[in-house]
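Here is the structure we will look at, set down as C-alpha cells.
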C-alpha cells in the first residue's frame, strides 16, 4: 500500500527550497540543507523529486498558486482580482525574490525562468483572456500584454515606491482595463476619454 503524502511536509519542503534558493542560488542549493530547514529527512525529498531542478519546479508551482477570481465577478472587477492575486504572489509570498533569483540564474539555468513563465505567468494570462473574452466587447490588447503590463506595473511600483498596497492592484487593474477595453468609439487609447478619472 502506497503511503499518503503529508501536505505539511510538502509545504515545508517547498518553503525551505524557495528560501534557500533565493539566498544561495541554484548552485548553492543543497538537498541536505533543504531537508534540515524543512525538518525532514533527505529521503522525503528524494521520494518526491529526482533532482534539484525538479525540486525547484515543484516549489515554484506550490508557493505561487493561482487563485481563480470569484465566479460572480466579471469585467474590470474580475481583472482586479487577478491583479491582486499576482500582487500577493509576488509580494506576500516571496515571488519577487524568487523571480530575481531566477533572472540571475537565467544564463546557467534558463529552464527555471521558463518554468516561472509556464507556472506563474501563463495561467494568469489564460484567466485574463477568459475575463476579457467574457465581456463581449472588443479587446484592443492581447491578454499576454495585459499580463505583462500587470507584472511589470507591480514590479515597477515596488521598485519606485517600496510598499505595494492592495489599492495598487485596483489602480493598476483600472488602468489596464482602460487600455484593453476603453471607449469602443476611439481607436487611439491616448484619445480615449475613459482615461480621465471619473471618481
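The values are calculated or read from the model by the stated rules, or taken from the named source; none is laboratory data. All figures in this text were calculated on a predicted structure; none of them were measured in a lab. All Cβ positions, even for glycine, are placed from backbone atoms using ideal geometry, and neighbour counts span all protein chains on display.
Looking at region 19-36, I want the residues that are under 19 Å from residue 93 (Cα atoms) and have a partner that is part of a loop (DSSP other than H, G, I, E, B) and at pLDDT 90 or above with Cβ atoms under 7 Å, at least 6 apart or on another chain. Which pairs are those?
Hits for this filter: 20/29; 21/29.
Hey, does region 159-177 have a residue that's in the same structural domain as residue 85 (by TED's automatic domain parsing), at pLDDT 90 or above, surrounded by 16 or more Cβ atoms within 10 Å (Cβ to Cβ) and more than 14 Å from residue 79 (Cα to Cα)?
Within region 159-177 (the criterion being in the same structural domain as residue 85 (by TED's automatic domain parsing), at pLDDT 90 or above, surrounded by 16 or more Cβ atoms within 10 Å (Cβ to Cβ) and more than 14 Å from residue 79 (Cα to Cα)), the answer is yes, since at least one residue qualifies.
Yes or no: residue 87 modelled with pLDDT of 90 or more, under 24 Å from residue 21 (Cα atoms) and touching a helix residue (DSSP H, G or I) at 6+ places or on another chain (Cβ under 6 Å)?
On the way: modelled with pLDDT of 90 or more: yes; under 24 Å from residue 21 (Cα atoms): yes; touching a helix residue (DSSP H, G or I) at 6+ places or on another chain (Cβ under 6 Å): yes.
Yes.
Output the residue which, of all residues in region 23-55 that are modelled with pLDDT of 90 or more and within 20 Å of the chain's Cα centre (by Cα), is farthest from residue 112 (Cα to Cα).
23
How about region 103-156: which of its residues are farther than 20 Å from residue 83 by Cβ, touching a residue at least 40 places away in the same chain (Cβ under 8 Å) and in a helix (DSSP H, G or I)?
104, 105, 111, 112, 115
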